[in-house]
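The values are calculated or read from the model by the stated rules, or taken from the named source; none is laboratory data. It should be emphasised that the depicted structure is a prediction, and the values quoted were computed from it without experimental measurement. In this analysis, Cβ positions are derived from the backbone assuming ideal geometry, glycine residues included, and neighbour counts consider all displayed protein chains. For the accessible areas, the whole protein counts, side chains as well, though only heavy atoms, and no ligand, DNA or RNA atoms are used. Shrake-Rupley method; radii C 1.70, N 1.55, O 1.52, S 1.80 Å.
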Amino acid sequence: MLLRSLEGAAIQTWRERARQRGEEWVYVASPDGTTLHALDEPSELAEEDPAAAVVYPEVHSRLVAWWLIHAWRGADLLEDTIENLLKWRITSGAVTARALVEEAGSLVDEALKLSHAWKVGKATPAHVLTRPASIRGLLAPILVQASFGSRMKISHETLKATNVLTLVQKLSKVTGDARFEEWYDWLSDAAHPALGARIAFASPPMVHDSGAVTARCYARAPLLLTSDGETSQMEPTIALIIADAMLASGEVIADVLDQSLAVVDDVGLTTAAATLTRRTYWRNLIPVRGNRACPCGRGRWRDCRHWWKETAPSIEVPRTSPRAP
């Protein structure tokens, strides 16, 4: 769900259409009545707290959509990269592995921003109007940027997506792993018609004893070269970088997705967003009480602390490191 601010004649048009169609709405207007936010299909509880009903289902459903997009994108890129390696499609593998590093960087950057915003929002003092407004003011701008940000020339200046190189640099810093930048450099070169793309099909250089001549063999699939009783494989640089980048990016994506879902669920259960609308969506969890199993699946209700002013879930990005050969 995405709310639009109604102003001037649009407010009157909304009122007339809602009356003619017999639709049920809840709404919140600015003190001077010039701006209005409204949401249809409210629950019975929504009538008691219209500001919460307008804000919380919208914000939570957008958080759910944000999480699902990252999960689907990460899964697709991981599966494609694995398949490309298994079938020795090194060019395609470089493209998907590079996108996988970008995905890890984007997820980490947005997840940290959203978790921090929610930490601040969850501590907001109770007030029937200012608390919902504060929550939307903290989370909505991040979600708008994540959903509509783009580097295309036609994109609005205020919605320019973060440069991918910046995301990769941030990923290297937060994971403590400078290899992400090195991998990304090689993968970009292999994804373009440049050095990396050429050596993906080449054997290591074979130099004549005199040093006067260097020869290389080229093949689409791996082959073994034998000379003077010694055997060498195709140049493995790009394939190994694809594999390393895939493993490290996959570890970050899986870990941060799991922690991010805890944040998404905490928002939904603390605000009781699903109780304020008749609309259904994934993770529209209903709060329980006492010692019952928490709908979030992470323990008992009283231990999960989905209450205002309690500590919000944090996100700790895993520190990646080289694996033993």
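As a summary of the residue check, residue 285 satisfies the conditions (1) open to solvent by less than 20 Å² (accessible area, probe 1.4 Å); (2) under 14 Å from residue 63 (Cβ atoms) except for the one numbered (1).
List every residue pair whose Cβ atoms lie under 6 Å apart, where the two residues are 6 or more positions apart in sequence or sit on different chains, the first residue falls within the stretch 159-186 and is over 19 Å from residue 239 (Cβ atoms), and the second residue, located anywhere, is in a helix (DSSP H, G or I) and among the aromatic types (Phe, Trp, Tyr). Close Cβ pairs satisfying both conditions: 159/148; 168/180; 168/184; 171/180; 172/180. Identify, from the list 88, 67, 118, the residue that is touching a residue at least 60 places away in the same chain (Cβ under 8 Å), in contact with a helix residue (DSSP H, G or I) (Cβ under 9 Å, 6 or more places away or on another chain) and at positive phi. The match here is 88.
Screening residue 240 with (1) assigned to a helix (DSSP H, G or I); (2) open to solvent by less than 70 Å² (accessible area, probe 1.4 Å); (3) modelled with pLDDT under 95 gives one miss only, at (2). In summary, residue 41 fulfils each of the numbered conditions (1) touching an Asp or Glu at 6+ places or on another chain (Cβ under 8 Å); (2) of a type in the set (Asp, Glu); (3) buried (at least 18 other Cβ atoms within 10 Å of the Cβ) with the single exception of condition (3).
Taking the criterion of being under 37 Å from the mean Cα position of the chain (by Cα) and either open to solvent by 60 Å² or more (accessible area, probe 1.4 Å) or over 26 Å from residue 143 (Cα atoms) (or both), the residues of the stretch 18-34 that qualify are 18, 23, 24, 25, 27, 31, 33, 34.
The residue pairs whose first member lies in the stretch 123-136 and is open to solvent by 70 Å² or more (accessible area, probe 1.4 Å), whose second member is charged (D, E, K, R), and whose beta carbons are closer than 8 Å, counting only pairs six or more residues apart or on different chains, are 125/131; 128/49.
If you go through the stretch 263-277 and keep only what is open to solvent by 20 Å² or more (accessible area, probe 1.4 Å) and touching a Pro at 6+ places or on another chain (Cβ under 7 Å), you end up with just 272.
For residue 142, the conditions (1) surrounded by 22 or more Cβ atoms within 10 Å (Cβ to Cβ); (2) in contact with a Lys or Arg (Cβ under 9 Å, 6 or more places away or on another chain) all hold with the exception of (1).
Scan the stretch 91-106 and tell me whether some residue there is modelled with pLDDT under 95 and either under 28 Å from residue 179 (Cα atoms) or open to solvent by 20 Å² or more (accessible area, probe 1.4 Å) (or both).
Of all residues in the stretch 91-106, those modelled with pLDDT under 95 come to 91.
Next, from what is left, pick out any that are either under 28 Å from residue 179 (Cα atoms) or open to solvent by 20 Å² or more (accessible area, probe 1.4 Å) (or both): 91.
Yes, the stretch 91-106 contains at least one residue that is modelled with pLDDT under 95 and either under 28 Å from residue 179 (Cα atoms) or open to solvent by 20 Å² or more (accessible area, probe 1.4 Å) (or both).
Restricting to the stretch 146-172, and then to whatever is within 23 Å of residue 185 (Cα to Cα) and small (Gly, Ala, Ser), can you tell me which residue is surrounded by the fewest Cβ atoms within 10 Å (Cβ to Cβ)? Within the stretch 146-172, the match that is surrounded by the fewest Cβ atoms within 10 Å (Cβ to Cβ) is 150.
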